[in-house]
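See structure below.
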Ligand SMILES: Cc1cc2nc3c(=O)[nH]c(=O)nc-3n(C[C@H](O)[C@H](O)[C@H](O)COP(=O)(O)O)c2cc1C
C-alpha cells in the first residue's frame, strides 16, 4: 500500500500538531510495510504539486485540525481546486482537535463523511480524537507519548486495508467526560493550566497577562 498524506492545517509544519500526528501515523504505516508521501497545504505555492499527486494516487489520507468546530478555511479553499475522480480513489481522514471530548469533533466528522461524494471518490472513514492542544508546546519525548496512539492506527490502517470501524470508535474516546472529570478539568483550567498558558505566552514574547483588557482602562 502507498499512502498519500495531506496535512490540512494552515500552520506551517514546524508549528503544526497535525504534522507530529502524521509523523506518528506514517511511522506505523512503515512498520506495517506500507510506503507514504507527505504534503502540506499551508504553503500555497506547493498546491500544484499536491494536485498532481492527488490525481496520481488512489490511497489518500487528509489529516486536519478542527478549527471552530469544522475544517480550516484554507483546506476548504484547497479542496475546491481538486478535480473530480472516480471510486478507485479512496480518501480517509484524520480529524484532530484541542478539546478532549469526542463530541467536539462530530460536526466536522459529519462534513467529512459527505465530502468524498462531492469529489467522486470512495470514503475510507474518519479517525477522530481530541486532547491534542499540547503537542506543539510539549517537549519532544512528551509529544511522542501523546502521538503514539496514532502510530498504532497507522499500523492498523496498513495491516487491515483502511480504518476499522470498532477501532475508530474506541480511539475517539468518550463523547463527554464524566461529571467528576469535568469538575476536575474546570479546576485544572483555573489553576495549573492557567499558570502553564501564562508561562508559554511569556516564553513566546507576550508582555502582558493573557486576560489583559486594555479597552477597560
Ligand atoms: C483558530 C482555531 C480554532 C480552533 N477551534 C477548535 C475547536 O473548535 N475545537 C477544538 O477542539 N479545537 C480547536 N482548536 C484547536 C486545534 O484543533 C488544535 O490545537 C490542533 O491540534 C491544531 O493543529 P495544527 O497545529 O496542526 O493546526 C482551534 C485552534 C485554532 C487555532
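Residue separation of residue 136 and residue 14 scaled by 0.36 nm, minus their Cα-Cα distance, works out to 43.0 nm of gained length. From the Kirkwood radius over Cα pairs of the stretch 35-74, Stokes-Einstein at 10 °C and 1.306 mPa s returns a whole-number translational diffusion coefficient of 137 µm²/s.
Relative to the longest principal axis of the Cα atoms of the chain, the long axis of helix 47-56 lies at roughly 40 degrees. The long axis of helix 192-203 is offset from the longest Cα principal axis of the chain by roughly 80 degrees. Using R0 = 35 Å, the C-beta based FRET efficiency linking residue 176 and residue 144 works out to 0.80. Please say if the stretch 2-175 is rounded, prolate or oblate, where rounded means a/c under 1.5 for a ≥ b ≥ c the square roots of the C-alpha gyration tensor eigenvalues, and otherwise the choice is prolate for a/b larger than b/c and oblate otherwise? Judged from the Cα gyration tensor, the stretch 2-175 comes out rounded (a/c under 1.5). Once C-alpha pairs closer than 8 Å and six or more residues apart are averaged by separation and normalised to the residue number of the stretch 2-175, the relative contact order reads 27 percent. Report, in degrees rounded to the nearest 10, the 0 to 90 angle that the Cα long axis of helix 17-31 makes with the longest principal axis of the chain. Helix 17-31 sits roughly 40 degrees off the main axis of the chain. From helices alone, the chain scores -14000 deg cm²/dmol at 222 nm; the rule is -39500 (n - 2.57) for each run of n ≥ 4 DSSP H residues, then divide by the residue total. Extension gain for residue 210-residue 38 works out to 58.4 nm (0.36 nm per residue, less the C-alpha to C-alpha distance). In the frame of its principal axes, the stretch 6-101 has Cα extents of 35, 33, 25 Å, reported largest first. For the stretch 100-115 versus the stretch 18-58, the spacing of their alpha-carbon centroids is 22 Å. For the chain, DSSP calls about 5 percent of its internal beta bridges antiparallel. Using R0 = 30 Å, the C-beta based FRET efficiency linking residue 192 and residue 77 works out to 0.20. Given R₀ = 22 Å, what would the calculated FRET efficiency be for residue 165 paired with residue 51, taking r from the Cβ atoms and rounding to 0.05? Plugging the Cβ-Cβ distance into 1/(1 + (r/R0)^6) gives 0.10. The overall shape of the stretch 177-217 is oblate: from the C-alpha gyration tensor, with semi-axes ordered a ≥ b ≥ c, the ratio a/c is 1.5 or greater and a/b is no larger than b/c. The peptide list 109-119, 51-61, put in order of mean Cβ contacts within 10 Å with the highest first, becomes 51-61, 109-119.
Laboratory data are not the source of any read-out in this text; all were calculated from the coordinates shown. Note that this is a predicted model, so its numbers are computed, not measured. Cβ coordinates were reconstructed from backbone atoms using ideal geometry, including for glycine residues, and neighbour counts include every protein chain displayed.
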